[in-house]
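Chemist: Structure below; questions to follow.
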Amino acid sequence: MFNSKSKTSFDETSTNASTMIGVGTTITGDLETNGDIRIDGTLKGSLHGKARIIIGTEGIIEGDIEGLQADIKGHVTGTIKIQELLNLHGNAKVNGDIYAGKLQIEPTAIFNGKCHMGANIVELNNILVNVVNQ
């Protein structure tokens, strides 16, 4: 019944793990995740994800976002760099520049900033940032 080799429901090494920051929660500082993340609370800092990033309708990000894919329904103030598809849904409000492989914006979403699209744009921008920081 209790086998030491059995998997638990929480596997720290899993890249498919999901994290959720709930409504009413405020985090100050940078976050980094290998799995999917959903933010319905407030993050005052940068978010670096290697999978899917979801900012819910109540979600507020005051910092930069980097990731593979993102769905934004809340508010973001900062630069967004998404390698694949970035979706701005519903009443999303983005103030900052976007670097995305592909971008989809619903008519009710608000975006103020510059947009740079194409997979090469995201990769080139990351290379330039790394060269300048060295």
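Chemist: Sort out which residues of the range 17-62 are closer than 21 Å to Gly101 by Cβ and in a loop (DSSP other than H, G, I, E, B), and write them in order of number.
Modeler: Selection gives Asn34, Gly35, Ser46, Lys50, Ala51.
Chemist: Does Thr26 satisfy being at pLDDT 90 or above, surrounded by fewer than 11 Cβ atoms within 10 Å (Cβ to Cβ) and touching a Lys or Arg at 6+ places or on another chain (Cβ under 8 Å)?
Modeler: Considered against the rule, which asks whether it is at pLDDT 90 or above, surrounded by fewer than 11 Cβ atoms within 10 Å (Cβ to Cβ) and touching a Lys or Arg at 6+ places or on another chain (Cβ under 8 Å), Thr26 comes out as yes.
Chemist: On to the next question. Which pairs turn up if I take residues in the range 26-48 that are closer than 18 Å to Gln69 by Cα and basic (Lys, Arg) and look for partners that are assigned to a strand (DSSP E or B) and at pLDDT 95 or above with beta carbon separation below 6 Å, at least 6 apart in sequence or on another chain?
Modeler: Arg38/Ile54
Chemist: Name the one entry in Gly101, Gly67 that is within 14 Å of Asp30 (Cα to Cα), free of Cβ contacts under 8 Å to residues at least 24 places away in the same chain and in contact with a strand residue (DSSP E or B) (Cβ under 6 Å, 6 or more places away or on another chain).
Modeler: When all the criteria are applied, what remains is Gly67.
Chemist: Among the residues of the range 68-80, count how many are more than 11 Å from Asn95 (Cα to Cα) and buried (at least 22 other Cβ atoms within 10 Å of the Cβ).
Modeler: Matching residues across the range 68-80 total 3.
Chemist: May I ask you to list the residues in the range 65-91 that are closer than 14 Å to Gly113 by Cα and either within 8 Å of the chain's Cα centre (by Cα) or among the aliphatic types (A, V, I, L, M) (or both)?
Modeler: Residues satisfying the conditions are Val76, Ile80, Leu88.
The values are calculated or read from the model by the stated rules, or taken from the named source; none is laboratory data. Source: prediction; values computed, not measured. Neighbour counts are summed over all protein chains in view; Cβ atoms, including those assigned to glycine, are modelled from backbone coordinates with ideal geometry.
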